Protein chains: 2
Amino acid sequence: MSIVVVGTVAFDTVETPFGKGENVLGGSATYFSTSASFFTDVSLVAVVGEDFPQEHVQFLQSRDIDTAGLQRIPGKTFHWTGKYGYDLNEAQTLDTQLNVLTEFRPNLPESYRDAEYVFLANIDPDLQMDVLDQVRAPKLVACDTMNFWISSKPESLKKVLQKVDLVVINEGEARQFTGEANLVKAARSIISLGCKRLVVKRGEYGVLMFTKDSVFAAPAYPLEQVFDPTGAGDTFAGGLMGYLANTGDLSEDGIRQAIIFGSVMASFNVEDFSLERMKRLEYREIEARYKNFKSLTSFRDIEPL
Amino acid sequence: MSIVVVGTVAFDTVETPFGKGENVLGGSATYFSTSASFFTDVSLVAVVGEDFPQEHVQFLQSRDIDTAGLQRIPGKTFHWTGKYGYDLNEAQTLDTQLNVLTEFRPNLPESYRDAEYVFLANIDPDLQMDVLDQVRAPKLVACDTMNFWISSKPESLKKVLQKVDLVVINEGEARQFTGEANLVKAARSIISLGCKRLVVKRGEYGVLMFTKDSVFAAPAYPLEQVFDPTGAGDTFAGGLMGYLANTGDLSEDGIRQAIIFGSVMASFNVEDFSLERMKRLEYREIEARYKNFKSLTSFRDIEPL
């Protein structure tokens, strides 16, 4: 089974207390597809400008990512500049050059339209809806969003949420979107809009996954070195969706397992700048860290006193 | 087996977005001993003033807590006034009236000195050391502390940490104490001082427990209503130590189970002001929530792709 991801391919300039990366490869679709490619076939839809180097395209292709949907148009590639302090949970955006992103109209190649798994990364919810109209019978659609769309296009966003199976959102954004300080209430409120599952990302504290009648808590992997959190959320989503597409198991148990694989992938990604850690990651490391997650969280069943 | 706890018995005046409690029963030893009393016998060492009502002493005794070590001396009882905003993870201290606490010299009744489990709640580390000198052969000693002692008596605190088996500390305090932004590094640094186990409390994000060669992550129970987080940390420690004293199982597995019981107790305590929820809590509810923690965190072992 294969996944289609629609999102951004970008240049990032990122500064953390541990170093700086200038004009490095970034973007939600880049992180997502690289992460998912460890588990399944991925097809990417995004736009870049004339300045986007062929070596980055070759990297994606080296991961067997289908780049037929990567449009190259006149102009410059989307460029995000951000900074992290010692609190690595929150990026400070210093500059956003949308460039060719302003002209992005996702147009799915015919071969993409039968995709069974679709990830709508963080882009304009109206474009997310456009994509939904182009896919024929997906088994599972997930989406991400951000504070900018919550405040500028809440109604469009609500329509998207009603149509997707799984929403991935940051903790602060869940609170912002619903006006609820309590996260459980915020989650219930988003689910009541019509999405079946909500995954709330909490940075170094892990994730909570809500359905109408269940909650699953997964920690983040405790790391001694976090170099750059950029892309952690999309790498998480890539591992989650990639594993789901691989197994096709959409039961609660199957999705919980996929959440852990997502957490594993994110934990590797933050160990280095840009996609450097992904570039040298091997599948046996993923399996080993999954097992570490198991021992990190295991405790005995209750024995009556 | 029984526990001795040394700490504070206090009046609290607490305001949260959900209400206000004036001059309600509080204090670290109060929360700890009430919580631990669901699992084992507890003996309390603390000081109160002449204004402390007999009904509160009777409440502690109704929970079979030994109050022989509760000194009553001339003056007024310790009074803490604090406030929580919508971010219930952090209390803002508005006023601290130490009152009789300034004259507190923990003096353990002879019958307490053979205690096998000792909890040194958050008090002056020099007093914590005094207590350590009075107990003969404890099986397990745990301690808590706070930012005030970290900045005012770091050397005394280090001596205490070297002598105890288990340290319970807030996330921010672990960072403050070690000057390490990364929590795993901060934990390793505290363990290198000589304590065997470190439990880092992260409020609504749960706890991490570190030893030299293991980490355990437990989430907090996701609650739709959190009325008052006051005492959550001491209630957690009470459940943890109470369960350990009950089973005597100090293996990694035994302590992990105790961590979950502590988390269960804390999750109940925050559901109402002061100790109101504890007063109406029944053991079957504790067991039921332990089982909920199990389903909250369970996921399958890895199956090779």
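None of the figures in this text is laboratory data; all of them are computed from the coordinates on show. This structure is a prediction, so every number in the text was calculated from the model and none was measured. Note that we place each Cβ from the backbone using ideal geometry, even for glycine, and neighbour counts take in every protein chain shown.
When segment B:281-299 is examined, which residues are found to be of a type in the set (Ser, Thr, Tyr) and either more than 30 Å from A:Leu250 (Cβ to Cβ) or in a helix (DSSP H, G or I) (or both)?
B:Tyr283, B:Tyr290, B:Ser295, B:Thr297
Please determine whether any residue of segment B:126-141 is under 30 Å from B:Pro17 (Cβ atoms) and among the charged types (D, E, K, R).
no
Every residue in segment A:94-138 that is in contact (Cβ under 8 Å) with a residue 24 or more places away in the chain, of a type outside the set (D, E, K, R) and out of contact with any strand residue (DSSP E or B) (no Cβ under 8 Å at 6 or more places or on another chain), please.
A:Pro125, A:Met129, A:Gln134
Considering every residue within segment B:134-144, establish whether at least one is of a type outside the set (Phe, Trp, Tyr), within 18 Å of the chain's Cα centre (by Cα), crowded, with 20+ Cβ neighbours inside 10 Å and over 30 Å from B:Leu223 (Cα atoms).
Yes - at least one qualifying residue is present in segment B:134-144.
Has segment B:189-211 got any residue that is aromatic (Phe, Trp, Tyr), more than 13 Å from every other protein chain (Cβ to nearest Cβ) and surrounded by 22 or more Cβ atoms within 10 Å (Cβ to Cβ)?
no
When you scan segment A:1-93 for strands (runs of 3 or more DSSP E) that lie fully inside it, which ones turn up with 1 or more residues that are more than 21 Å from A:Phe148 (Cα to Cα)?
Ranges flagged: A:2-6, A:10-16, A:19-26, A:41-48, A:65-72.
For every residue, the table says whether it meets (1) outside any helix (DSSP H, G or I); (2) more than 22 Å from B:Glu173 (Cα to Cα); (3) of a type in the set (Phe, Trp, Tyr).
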position	(1), (2), (3)
B:Gly242	no, yes, no
B:Gly254	no, yes, no
B:Phe261	no, yes, yes
B:Phe273	yes, yes, yes
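Out of A:Asp114, A:Asp64, A:Asp41, report the one residue that is surrounded by fewer than 16 Cβ atoms within 10 Å (Cβ to Cβ), in contact with an Asp or Glu (Cβ under 8 Å, 6 or more places away or on another chain) and within 24 Å of A:Gly239 (Cβ to Cβ).
A:Asp64
Taking the criterion of being surrounded by fewer than 24 Cβ atoms within 10 Å (Cβ to Cβ), over 17 Å from the mean Cα position of the chain (by Cα) and either within 15 Å of A:Phe38 (Cβ to Cβ) or within 12 Å of another protein chain (Cβ to nearest Cβ) (or both), would at least one residue in segment A:253-261 satisfy it?
Yes: segment A:253-261 contains one or more residues that are surrounded by fewer than 24 Cβ atoms within 10 Å (Cβ to Cβ), over 17 Å from the mean Cα position of the chain (by Cα) and either within 15 Å of A:Phe38 (Cβ to Cβ) or within 12 Å of another protein chain (Cβ to nearest Cβ) (or both).
Checking A:Lys185 against (1) within 12 Å of chain B (Cβ to nearest Cβ); (2) under 23 Å from A:Ser37 (Cβ atoms), which single condition isn't satisfied?
Here A:Lys185 clears every test but (2).
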